[in-house]
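The structure under discussion appears below in the form of structure tokens.
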Amino acid sequence: MKHTLLALGITALVLGSASPSLATSLRIKPVLIEAAAEQKATQIEVHNLDSEAVDLQFRVFRWSQGGGAEHLAATRDVVVSPPLATLSPGARQTVRIIRRTGAPLAGEESYRILVDEIPNLRRGQGKQVNFALRHSLPVFFGSGRGDPDQVSWSIRKDADGLWIAANNRSDRRVRISDVEIIDAAGRRLAVRAGLVGYVLAGAAADWRLDAFDVNQAITGSQITIKAALESGPVHGIATLQAH
């Protein structure tokens with residue numbers, strides 16, 4: 001079974017009708033989970049900051065990228081323990097993430113942990129809307145080394161904006177943030193602050209950026225793509241293509 005992936009965020013499911021109340025009081029750390037090749041397990045800690053108890057479900061999926069999309073697939077290679085928990089107000093829960101397969105690691109394996117807050121239907125008794133909140137956390141097992149020189153870039157435009165694509169030929173994911181697009185005349189065509197997304201080991205991914213003025217982006221011109229990776233800043237050069 002495969003699911004479309006939201007890179008990292010919260011999905012809300014409305015369970016009633018009235019004035020909405022949406023706030024997550026769950027603190028999870030770390031929000032990026034890494035385990036070295038020799039490790040069989042790692043863990044996260046979940047802290048309930050609410051004044052009421054919360055029911056939680058933990059699931060793990062294999063994470064892949066392909067065909068211009070991200071995918072989650074059911075797996076038994078990695079499991080979580082416990083899969084369910086009820087946290088009283090102020091309580092903390094340690095959740096172990098265990099790699100069960102004995103297959104040797106080649107580079108890096110990518111997974112996502114989904115933490116679902118199960119709605120409390122008793123809360124409000126029709127006076128407010130209850131929501132199911134979902135947190136999606138990246139999990140990496142392996143010893144791959146990210147290499148900025150193994151990342152190639154391309155860029156294209158459509159009527160509304162610019163699309164950048166990164167192809168990661170290294171055996172470790174690349175985390176891309178703080179992107180800046182500059183044309184040959186030195187004009188900034190687009191900027192995206194903060195996290196843009198991940199490119200998994202041996203995979204490719206693309207993102208749409210809102211352009212300040214897409215008409216300034218000339219098809220066939222040389223474009224500089226500046227970005228921040230975990231290893232530091234990078235500059236890529238690509239020829240602008242039409243969509």
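The values are calculated or read from the model by the stated rules, or taken from the named source; none is laboratory data. What you see is a predicted model, and the numbers here were worked out from it, not measured in a lab. We place every Cβ from the backbone using ideal geometry, glycine too, and count neighbours over all the protein chains shown.
Figure legend. Inter-residue proximity from the stretch 145-164: first residues under 14 Å from Ala204 (Cα atoms), second residues acidic (Asp, Glu) and not in a loop (DSSP other than H, G, I, E, B), beta-carbon distance below 8 Å, spacing 6+ or different chains. Indicated pairs: Trp163/Asp206; Ile164/Asp206. Taking Ala227, is it in contact with an Asp or Glu (Cβ under 8 Å, 6 or more places away or on another chain), surrounded by 13 or more Cβ atoms within 10 Å (Cβ to Cβ) and farther than 20 Å from Gly107 by Cα? Taking the combined requirement at face value, the residue satisfies it.
Does Gly90 satisfy being outside any strand (DSSP E or B) and at pLDDT 95 or above? Taking the combined requirement at face value, the residue satisfies it. What tally of residues in the stretch 93-107 results from selecting those that are over 24 Å from the mean Cα position of the chain (by Cα) and either hydrophobic (A, V, I, L, M, F, W, C) or within 20 Å of Ile118 (Cβ to Cβ) (or both)? Count: 1.
Of all residues in the stretch 145-173, those being over 16 Å from Ala238 (Cβ atoms), of a type outside the set (Lys, Arg) and crowded, with 16+ Cβ neighbours inside 10 Å number 3.
The residue that is nearest to the chain's Cα centre (by Cα), counting only those in the stretch 144-188 that are assigned to a strand (DSSP E or B) and of a type in the set (D, E, K, R), is Arg175. Scanning the stretch 192-233 for residues that are assigned to a strand (DSSP E or B), more than 25 Å from Ser136 (Cβ to Cβ) and at pLDDT below 95 yields Gly232, Pro233. Of all residues in the stretch 184-197, one or more are in the same structural domain as Ala238 (by TED's automatic domain parsing), touching a residue at least 24 places away in the same chain (Cβ under 8 Å) and in contact with a helix residue (DSSP H, G or I) (Cβ under 7 Å, 6 or more places away or on another chain). Scanning the stretch 128-143 for residues that are in a strand (DSSP E or B) and at pLDDT below 70 yields a count of 2. Would you confirm, using the coordinates I've provided, whether Gln43 is touching an Asp or Glu at 6+ places or on another chain (Cβ under 7 Å) and either modelled with pLDDT of 95 or more or in the same structural domain as Trp207 (by TED's automatic domain parsing) (or both)? Against the criterion (touching an Asp or Glu at 6+ places or on another chain (Cβ under 7 Å) and either modelled with pLDDT of 95 or more or in the same structural domain as Trp207 (by TED's automatic domain parsing) (or both)), Gln43 does not qualify.
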